[in-house]
Amino acid sequence: MNGQIKIENVTKIFGDGEETVTALSNVSLEIPAGSFVSLIGPSGCGKTTLLRCISGLDNPTSGKILVDDTEVKGPSSDIGFAFQQANLFPWLTIRENIAFGLKSRKIYKERKKDLEDLIELTGLKDFEKSYPHQISGGMNQRASLARALVGQPKILLLDEPLGALDAFTRMNMQDEILRLWKKHNMTMVMVTHDVDEAVYLSDYVVVMSARPAKVEKIIKIELGQPRARSQDVFLKYRTEILEILHYAGQIKEVEFVI
């Protein structure tokens, strides 16, 4: 399984005439296959727009995005997407929600074993017959991640998937995401506003400017896993990212290769 992402001079403009909004401005970035990358920046700067362009849900106004040297033209089963809200179908059980994509693609029978393994791996075995309203927000997020993973994508995109959770559940889910990432050996790209979360999870943290978004800096997190949030080096990375976010817009370099 590969999953290399190349973002080449991507600009994204919404609207026409005086109503135009430039969300992304000439963004260039390479994300290695199998890596965990976090996008962090001011609220509304264009991080989610970049994620949607990578997924094929939106198209760049100019520039292009390639996955394993093939240009992204639209949504693909090779790219999974976990949204900020779990967005489960309330009339389906947790098991049926996770299996929905497999059944719609008519590959349920051949992937049934993967479905069972993911239900077990995400701790949903005792809740698979429940409906979304009957279980906690954390359980719903686990089901959302399992639904995105069950199709075995090369790339999983996460748009603040833990933003609505309490601090304790959020930390547990961060460990869950790391476990799934290591188990499935895929490329993960996550949008977050939480600096500690970015340092805890990522191989690389991409710090973005205020809108229109540009890449301010890429920070390679040279810490092994598991990571202690109280480590001096962890706190040093945290401080560095916060300083860049505070002075966002003053750094001129906008093209990077990881």
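Things to note:
- Unique match (being in a strand (DSSP E or B), in contact (Cβ under 8 Å) with a residue 12 or more places away in the chain, open to solvent by 30 Å² or more (accessible area, probe 1.4 Å) and of a type outside the set (Val, Ile, Thr)) among Gly44, Gly63, Gly80: Gly63
- Subset of segment 18-41 [outside any strand (DSSP E or B) and open to solvent by less than 60 Å² (accessible area, probe 1.4 Å)]: Pro32, Ala33, Gly34, Ser35, Gly41
- Extreme residue, modelled with the highest pLDDT, among residues of segment 153-167 that are open to solvent by 10 Å² or more (accessible area, probe 1.4 Å) and touching a Gly at 6+ places or on another chain (Cβ under 9 Å): Lys154
- The set of residues from segment 154-177 being free of Cβ contacts under 8 Å to residues at least 60 places away in the same chain and not in a loop (DSSP other than H, G, I, E, B) comprises Ala167, Phe168, Thr169, Arg170, Met171, Asn172, Met173, Gln174, Asp175, Glu176, Ile177.
- The sole residue among Gly123, Gly151, Gly138 that is touching a Ser or Thr at 6+ places or on another chain (Cβ under 8 Å) and part of a loop (DSSP other than H, G, I, E, B) is Gly151.
- One residue alone among Ile177, Ile244, Ile258, Ile251 is of a type in the set (A, V, I, L, M, F, W, C) and either open to solvent by less than 10 Å² (accessible area, probe 1.4 Å) or modelled with pLDDT of 95 or more (or both), and that residue is Ile177.
The values are calculated or read from the model by the stated rules, or taken from the named source; none is laboratory data. Since we're looking at a predicted model, the values are computed, not measured. Cβ: placed from backbone, ideal geometry, glycine included. Neighbour counts: every protein chain shown. Only protein heavy atoms, including side chains, enter the accessible area calculation; ligands, DNA and RNA are left aside. Shrake-Rupley method; radii C 1.70, N 1.55, O 1.52, S 1.80 Å.
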